[in-house]
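What follows is a short report on a single structure.
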Amino acid sequence: NATPLDIPFTQNLGTLQGDTVLLLQVFLNVIVNAIHAVTKSQNETNKICISLEHDDRNVSVFIDDNGPGFHPNIKHQLFHQAYTSKNHGTGIGLLLCHTIMKRFGGDIKVNQSELGGARIELTFLIA
């Protein structure tokens, strides 16, 4: 069962500050987490939407899904070592993403998505 992935990028926003391989790792981890979330949900259709906002200094990328989301009581634990909600997870994925984003002056936030699941916000500095 395929998961629709909607990515509406239409313009060149410049170069993001950071190491390409490490930033790719952040995207990969967050998108794979979203895929895992929607495939374990009981929704009739799975949806992941990637959108962005930008200004002169920053680009924010939003990854929204309609999976089960994060319980508000655990949001503060998500970026700590060894925290996982998966049966076979390592608990280092979001911690690694947080560390990489902070290393390059960016940020990662977790919120509730309008789709019903999680919304991950990645904010990057423009080099």
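The values are calculated or read from the model by the stated rules, or taken from the named source; none is laboratory data. Only a predicted model underlies this, so the values are computations on that prediction, with no experimental measurement involved. Ideal geometry is used to build each Cβ from the backbone, glycine not excepted, and the neighbour counts take in all protein chains shown. SASA here: full protein model, heavy atoms, side chains in, ligands and nucleic acids out. Shrake-Rupley method; radii C 1.70, N 1.55, O 1.52, S 1.80 Å.
Any residue that is at pLDDT 75 or above, touching a helix residue (DSSP H, G or I) at 6+ places or on another chain (Cβ under 8 Å) and closer than 16 Å to Leu115 by Cα - is there at least one of those in the stretch 14-24? There is no residue in the stretch 14-24 that is at pLDDT 75 or above, touching a helix residue (DSSP H, G or I) at 6+ places or on another chain (Cβ under 8 Å) and closer than 16 Å to Leu115 by Cα.
Note on the stretch 77-91: residues that are surrounded by fewer than 16 Cβ atoms within 10 Å (Cβ to Cβ) and at pLDDT 70 or above total 0.
Can you find, within the stretch 33-49, the residue that is most open to solvent (accessible area, probe 1.4 Å) among those that are touching a helix residue (DSSP H, G or I) at 6+ places or on another chain (Cβ under 8 Å) and either under 23 Å from Gly106 (Cβ atoms) or acidic (Asp, Glu) (or both)? Quick ask: steps written out before the conclusion?
The initial filter retains those residues of the stretch 33-49 that are touching a helix residue (DSSP H, G or I) at 6+ places or on another chain (Cβ under 8 Å), namely 33, 46-48.
Still in the list and also either under 23 Å from Gly106 (Cβ atoms) or acidic (Asp, Glu) (or both): 33, 48.
Numbers: Asn33: 41, Ile48: 4 Å².
Applying the filter and picking the extreme gives Asn33.
Residue pairs whose Cβ atoms lie under 7 Å apart, sitting 6 or more positions apart in sequence or on different chains, and linking a residue in the stretch 59-78 that is on the phi < 0 side of the Ramachandran plot and assigned to a strand (DSSP E or B) to a partner that is of a type outside the set (S, T, N, Q) and modelled with pLDDT under 75, are Val59/Leu13.
The number of residues in the stretch 29-56 being modelled with pLDDT of 90 or more and part of a loop (DSSP other than H, G, I, E, B) comes to 2. Show the residue pairs that are 6+ apart or on different chains and have beta-carbon atoms under 8 Å apart, the first residue being within the stretch 92-107 and part of a helix (DSSP H, G or I) and open to solvent by 40 Å² or more (accessible area, probe 1.4 Å), the second being at pLDDT below 90 and not small (Gly, Ala, Ser). That search, which allows pairs on different chains as well, returns Leu95/Phe79; Leu95/His80; Leu95/Gln81; Leu95/Tyr83; His98/Phe79. What number of residues within the stretch 52-72 are open to solvent by 30 Å² or more (accessible area, probe 1.4 Å) and within 21 Å of His98 (Cα to Cα)? The total comes to 8.
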